[in-house]
Amino acid sequence: MKIIVGVKRVVDYNVRIQVKPDGSGVVTDGVKMSLNPFDEIAIEEALRIKESGKAEEVIAVTIGAKACQEQLRTALAMGADRAIHVETDEGIQPLTAARIFKALCDKEAPKLVIFGKQAIDDDNSQTAQMLAALSHWPQATFASEVVIDADTASVTREVDAGLETLSVDLPAVVSADLRLNEPRYVKLPDIMKAKRKPIDTVSISDLGVEVAAGIKVLKTTAPAKRQAGIMVETVEQLVVALKEKGLIK
Amino acid sequence: MNKVLVIAEHDGSNLNGSTARAISCAKDIQAESIDIVVLAADGSSVAEQAAALAGVNKVLLVQNPANEHPVAAFLAPQIESLATDYTHVLAPSTTFGKDLMPRIAAHLGVPQISDIMRVESATIFDRPVYAGNAIITVEAPAGIIVGTVRTASYPVAENGGSASIENREVSVELPSHTRFVSVSTGGGEERPDLQAAATVVSGGRGVGSEENFKVIYGLADKLGAAVGASRAAVDVGFIPNDHQVGQTGKIIAPDLYMAFGISGAIQHLAGIKDAGTIVAVNKDADAPIFEVADFGLVGDLFQVIEDLEKALA
């Protein structure tokens, strides 16, 4: 079986986010960009399934500008077999992204599509569920364990109540949570090898996808800052302060 | 005129408090009516709790054995068939709502607004991005508005309502491709719910071990508090994942948050920004948690907890 993994280029998680003074967005010029950390976990899971003999091919897919090929190269260096770059300079929102993945799934017929549970830029957490909806496939979001057994998958999900297990027929869409696995470290020879792996570039119109009416961002602002309070020296001072506020009895 | 439908989150017997927070958000839309839909196998008790929330006009009760557990693939088609009577469909931004709502939005062919934290008008909302390090104001296009509500931004809607409860038959075909197997909780159900508790006592990597976490539980029990944890503490196995507070765990807004041995990574702070008062205890005076704490104390957390328990006795 084939596995498609959706990946996104995002501002690196170590970067301190700065809102532009004119409210038009956050500063991305000259800022380090990386593969979305949850997507790295998604790739790792696909590779482990392949290495266990349950899949033959792992295809990394991204949507975005030319620079996103860097992240596809990272996915290929980790071990993906090939990559598809849906090239566009427009900002693509989840519903359109899901339509693009649907078109690719129609073409590639994967048995499993894995995404990170959310991208750390928009924090939407939508594309996986939307693809499952449009394809009328099962979804298993926020996965912390995936066990493939012939035509089904047993997926353990991290939910607010604890851990939930679903059994789903394949093809299915899974989104990866933090504790699914620990992504491998990419070694230099793998980076060299990845340069020879194929990346197909297609456009949204090649795929016959209609861009959905999206949400309009009117402005971007910095959040209200919490003021640092006071340092107390002793537990007695702390207890007095909390009692004054009526927070403890 | 705007009509809002809120999806009830529940466990079959109790309405989850996040639903009442979503109602508070719905009220800001200035709608003509706010309805709640309860999808359950046997939901009469949950429906009664929903009907008691002030500001709710009607509770729709959709009973079906398939609704015993909240499986998005089953709930979504049922909700879609009801959604066309409404201008807005909302759910709390918990793992329940996050899993379910995009499935509904995609079928309706509309975008979703995730984590609504403020309503500016019926079509304009604020939501956080970059782990809450920026806030965007967004306008929804024409069509039904599907959204999830950032529960930490809204108070629990009060009781005192007496909405009518209406049984609804929804005849849609449900898929057979998904089977619920089991759910296991991390234990500690006798303690208050992390997302609803007025006080939360939280531990980080500095607690040192699963065994040592007993002191965190001990203090929490003394205060009638819920127990939280940083991602670092969960990742090393000191405490189960359902206690995790932060961007990828639970986003909470208790009146009092007490952090022991938590350094204060950005992703953890994103989960506690709306807490009323933050107390931080850490042996490292340079820990970033002190930059957001109302009261900071540099010291050994075990000694501090021992002294606190004595002072509270």
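The values are calculated or read from the model by the stated rules, or taken from the named source; none is laboratory data. The shown structure was predicted, so the numbers you read here are calculated from the model rather than taken from an experiment. Neighbour counts are summed over all protein chains in view; Cβ atoms, including those assigned to glycine, are modelled from backbone coordinates with ideal geometry. All accessible areas refer to the heavy atoms of the entire protein, side chains included, with ligands and DNA or RNA removed. Shrake-Rupley method; radii C 1.70, N 1.55, O 1.52, S 1.80 Å.
Looking across region A:16-57, the residues that are open to solvent by less than 40 Å² (accessible area, probe 1.4 Å), within 14 Å of chain B (Cβ to nearest Cβ) and free of Cβ contacts under 8 Å to residues at least 60 places away in the same chain come down to A:ILE17, A:VAL31, A:SER34.
Can you find even one residue in region A:177-191 that is in contact with a strand residue (DSSP E or B) (Cβ under 9 Å, 6 or more places away or on another chain), buried (at least 17 other Cβ atoms within 10 Å of the Cβ), free of Cβ contacts under 8 Å to residues at least 60 places away in the same chain and within 14 Å of chain B (Cβ to nearest Cβ)? So far as region A:177-191 goes, yes, one or more of its residues are in contact with a strand residue (DSSP E or B) (Cβ under 9 Å, 6 or more places away or on another chain), buried (at least 17 other Cβ atoms within 10 Å of the Cβ), free of Cβ contacts under 8 Å to residues at least 60 places away in the same chain and within 14 Å of chain B (Cβ to nearest Cβ). Taking the numbered list (1) in a strand (DSSP E or B); (2) surrounded by fewer than 23 Cβ atoms within 10 Å (Cβ to Cβ) in turn, B:PHE125 passes all entries but (2).
Before we move on, is A:THR234 open to solvent by less than 80 Å² (accessible area, probe 1.4 Å), within 14 Å of chain B (Cβ to nearest Cβ) and at pLDDT 95 or above? Judged against the criteria, A:THR234 is not a match. Screening the candidates A:GLY214, A:GLY229 for the property of being in contact with a Gly (Cβ under 9 Å, 6 or more places away or on another chain), more than 30 Å from B:GLY228 (Cα to Cα), of a type outside the set (Lys, Arg) and within 14 Å of another protein chain (Cβ to nearest Cβ) yields one hit, A:GLY214.
Against the list (1) at pLDDT 95 or above; (2) open to solvent by 10 Å² or more (accessible area, probe 1.4 Å), the condition B:ALA50 fails is (2).
Within the option set B:ALA293, B:ALA285, B:ALA313, B:ALA280, being free of Cβ contacts under 8 Å to residues at least 24 places away in the same chain and either open to solvent by less than 10 Å² (accessible area, probe 1.4 Å) or touching a Cys at 6+ places or on another chain (Cβ under 9 Å) (or both) holds for one residue only, B:ALA280. In this structure, A:VAL174 qualifies as within 20 Å of B:PHE180 (Cβ to Cβ), touching a residue at least 12 places away in the same chain (Cβ under 8 Å) and not in a helix (DSSP H, G or I). Could you say whether any residue in region B:263-283 is touching an Asp or Glu at 6+ places or on another chain (Cβ under 6 Å), assigned to a loop (DSSP other than H, G, I, E, B) and within 24 Å of B:ASN133 (Cβ to Cβ)? Scanning region B:263-283, I find at least one residue that is touching an Asp or Glu at 6+ places or on another chain (Cβ under 6 Å), assigned to a loop (DSSP other than H, G, I, E, B) and within 24 Å of B:ASN133 (Cβ to Cβ), so the answer is yes. Of all residues being open to solvent by 30 Å² or more (accessible area, probe 1.4 Å) and at pLDDT below 95 in region B:160-169, which is farthest from the other protein chains (Cβ to nearest Cβ)? Just the residue, please. Across region B:160-169, the extreme among qualifying residues is B:SER162.
Looking across region B:111-122, just one residue is under 14 Å from B:LYS273 (Cβ atoms) and either assigned to a loop (DSSP other than H, G, I, E, B) or not assigned by TED's automatic domain parsing to the domain that holds B:HIS88 (or both), and that is B:MET117.
The set of residues in region B:209-238 being modelled with pLDDT of 95 or more, under 25 Å from A:ASN181 (Cα atoms), open to solvent by less than 50 Å² (accessible area, probe 1.4 Å) and not in a helix (DSSP H, G or I) consists of B:SER209, B:GLY228, B:ALA229, B:SER230, B:PHE238. Any residue at all in region A:61-76 that is touching a Phe, Trp or Tyr at 6+ places or on another chain (Cβ under 9 Å), surrounded by fewer than 21 Cβ atoms within 10 Å (Cβ to Cβ), under 29 Å from B:ARG127 (Cα atoms) and touching a residue at least 40 places away in the same chain (Cβ under 8 Å)? No, because not a single residue in region A:61-76 is touching a Phe, Trp or Tyr at 6+ places or on another chain (Cβ under 9 Å), surrounded by fewer than 21 Cβ atoms within 10 Å (Cβ to Cβ), under 29 Å from B:ARG127 (Cα atoms) and touching a residue at least 40 places away in the same chain (Cβ under 8 Å).
Give the residue, chosen from A:ILE114, A:ILE120, A:ILE92, that is in contact (Cβ under 8 Å) with a residue 24 or more places away in the chain, open to solvent by 10 Å² or more (accessible area, probe 1.4 Å) and either more than 9 Å from chain B (Cβ to nearest Cβ) or among the aromatic types (Phe, Trp, Tyr) (or both). Spell out how you get there, then give the answer.
Numbers: A:ILE114 fails: open to solvent by 10 Å² or more (accessible area, probe 1.4 Å); A:ILE120 fails: either more than 9 Å from chain B (Cβ to nearest Cβ) or among the aromatic types (Phe, Trp, Tyr) (or both).
Going through A:ILE114, A:ILE120, A:ILE92 in turn, just one is in contact (Cβ under 8 Å) with a residue 24 or more places away in the chain, open to solvent by 10 Å² or more (accessible area, probe 1.4 Å) and either more than 9 Å from chain B (Cβ to nearest Cβ) or among the aromatic types (Phe, Trp, Tyr) (or both): A:ILE92.
Restricting region A:124-150 to residues that are open to solvent by 10 Å² or more (accessible area, probe 1.4 Å) and more than 21 Å from A:GLU44 (Cα to Cα) leaves a set whose member that is nearest to the chain's Cα centre (by Cα) is A:ASN124. Residues in region B:128-158 that are within 11 Å of another protein chain (Cβ to nearest Cβ), open to solvent by 20 Å² or more (accessible area, probe 1.4 Å) and not aliphatic (A, V, I, L, M): 6 in all.
From the list A:LEU104, A:LEU131, the one residue that fits, being under 16 Å from B:GLN112 (Cβ atoms) and either in contact (Cβ under 8 Å) with a residue 60 or more places away in the chain or more than 7 Å from every other protein chain (Cβ to nearest Cβ) (or both), is A:LEU131. Any residue that is facing chain A (nearest Cβ under 9 Å), open to solvent by 10 Å² or more (accessible area, probe 1.4 Å) and among the polar types (S, T, N, Q) - is there at least one of those in region B:95-110? Yes, region B:95-110 contains a residue that is facing chain A (nearest Cβ under 9 Å), open to solvent by 10 Å² or more (accessible area, probe 1.4 Å) and among the polar types (S, T, N, Q). Residues of region B:150-199 that are aliphatic (A, V, I, L, M) and more than 28 Å from B:ALA52 (Cα to Cα): B:VAL172, B:LEU174, B:VAL181, B:VAL183. Residues of region A:210-244 being touching a strand residue (DSSP E or B) at 6+ places or on another chain (Cβ under 7 Å), part of a loop (DSSP other than H, G, I, E, B) and not small (Gly, Ala, Ser), which ones? Listed by number, the residues that qualify are A:ILE215, A:PRO223, A:VAL232.
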